[in-house]
1. Does any residue of the range 70-84 turn out to be of a type in the set (Gly, Ala, Ser) and under 27 Å from Asp233 (Cα atoms)?
2. Name, by its number, the condition in (1) at pLDDT below 75; (2) under 21 Å from Ala110 (Cβ atoms) that does not hold for Arg150.
3. Residue under question is Pro192, and the condition is that it be at pLDDT 80 or above, over 22 Å from Val62 (Cα atoms), exposed (fewer than 11 other Cβ atoms within 10 Å of the Cβ) and not hydrophobic (A, V, I, L, M, F, W, C); does it hold?
4. Would you tally the residues in the range 101-110 being in contact with an Asp or Glu (Cβ under 9 Å, 6 or more places away or on another chain) and surrounded by fewer than 16 Cβ atoms within 10 Å (Cβ to Cβ)?
5. Suppose we filter the range 226-236 for residues that are open to solvent by 60 Å² or more (accessible area, probe 1.4 Å) and either at pLDDT below 65 or in a strand (DSSP E or B) (or both); how many remain?
6. Could you tell me whether Tyr114 is more than 17 Å from the chain's Cα centre (by Cα) and open to solvent by less than 80 Å² (accessible area, probe 1.4 Å)?
7. Return the only residue of Ala31, Ala85, Ala63, Ala94 being hydrophobic (A, V, I, L, M, F, W, C), in contact with a helix residue (DSSP H, G or I) (Cβ under 8 Å, 6 or more places away or on another chain) and within 26 Å of Trp152 (Cβ to Cβ).
8. Could you check how many residues of the range 21-38 are without any contact (Cβ under 8 Å) to a residue 40 or more places away in the chain and farther than 12 Å from Asp57 by Cβ?
Amino acid sequence: MDDPYGDGTYRGWADLVAGCLAAESDGFRYANLAVRGRLLPAVVDAQVPLAAAMRPDLVSFVAGGNDALRRRFDPVRLAEAYEGAVKRLVASGATVVLFTPADITTNYPAARRYLLPRIEFFLELIRETVEKYDAYLVDLWADDGFRDRRLWSIDRLHLNESGHRRVAHNVLETLGLDCDPDWVAALPAASPEKWFAARRADLQWARVHLAPWIGRRLTGRSSGDTVTAKRPDLAEI
């Protein structure tokens, strides 16, 4: 999201990484099964089996963050589902790439005390899983660059174009590949934000993004309910 192609579809870090990998290997094929807003159980039930059945060489697995934002967060069930998914992907013969979440708490200072214990549990789970299954770890949490709000969409939850390029850089660096240095270039110094302008932006965000998000939680809906995977099959780029 917030990284559009010219036709209105979205690019994102995975497409950027796949483009670089394709340049390194003739006949490279790429699928993208991601659907935004999905909780981990839905990813495990619907997407992991499809990915494993493709017998891929490399799988990036990013899930569980949406669960940590839910009121009925269950750490035990999250851990079981997360490790089970990675175990199944590894059993398919794939090398698995896992991610720690980028730090979004700077975007939600009022919710930091609420979110941080959940995030710390999730970080420990991811690192233990990486060690157990010999996976790659893309440690976005350790990248202070993501604490700059200018890498985030106006909804303060998803990355924008600059944010996706920074993730792509981190992925490729973890895999030992070169990438475009501009993807990780430091942003120019930000001008101090005036108090009234900041509060006006907060109110607009609450009206346009927070209120609909709460409404979806109360009605059991997701922003991805009508979204399908953009590349459901392995195909050459």
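1. Here is the first cut: in the range 70-84, the ones of a type in the set (Gly, Ala, Ser) are 79, 81, 84.
Those left that are additionally under 27 Å from Asp233 (Cα atoms): 81, 84.
Yes, the range 70-84 contains a residue that is of a type in the set (Gly, Ala, Ser) and under 27 Å from Asp233 (Cα atoms).
2. Arg150 satisfies all of (1) at pLDDT below 75; (2) under 21 Å from Ala110 (Cβ atoms) except (1).
3. Details: at pLDDT 80 or above: no; over 22 Å from Val62 (Cα atoms): yes; exposed (fewer than 11 other Cβ atoms within 10 Å of the Cβ): yes; not hydrophobic (A, V, I, L, M, F, W, C): yes.
Here the answer is no, as Pro192 does not meet what is asked.
4. As a first pass, look at the range 101-110 and keep what is in contact with an Asp or Glu (Cβ under 9 Å, 6 or more places away or on another chain): 102-103, 106.
Restricting the remaining residues to those that are surrounded by fewer than 16 Cβ atoms within 10 Å (Cβ to Cβ) gives 106.
Final tally of qualifying residues: 1.
5. Keep residues of the range 226-236 that are open to solvent by 60 Å² or more (accessible area, probe 1.4 Å), which gives 226, 228, 230-233, 236.
If we keep only those that are either at pLDDT below 65 or in a strand (DSSP E or B) (or both) too, we end up with 231-233, 236.
Here the count works out to 4.
6. Values: more than 17 Å from the chain's Cα centre (by Cα): yes; open to solvent by less than 80 Å² (accessible area, probe 1.4 Å): no.
No, not satisfied.
7. Values: Ala31 fails: within 26 Å of Trp152 (Cβ to Cβ); Ala85 fails: within 26 Å of Trp152 (Cβ to Cβ); Ala94 fails: within 26 Å of Trp152 (Cβ to Cβ).
Result of the check over Ala31, Ala85, Ala63, Ala94: Ala63.
8. 2
The values are calculated or read from the model by the stated rules, or taken from the named source; none is laboratory data. This is a predicted model, so every value here is computed, not measured. Here Cβ is always computed from backbone atoms with ideal geometry, including for glycine, and neighbour counts include all displayed protein chains. Surface accessibility is based on the protein's heavy atoms, side chains included, excluding ligands, DNA and RNA. Shrake-Rupley method; radii C 1.70, N 1.55, O 1.52, S 1.80 Å.
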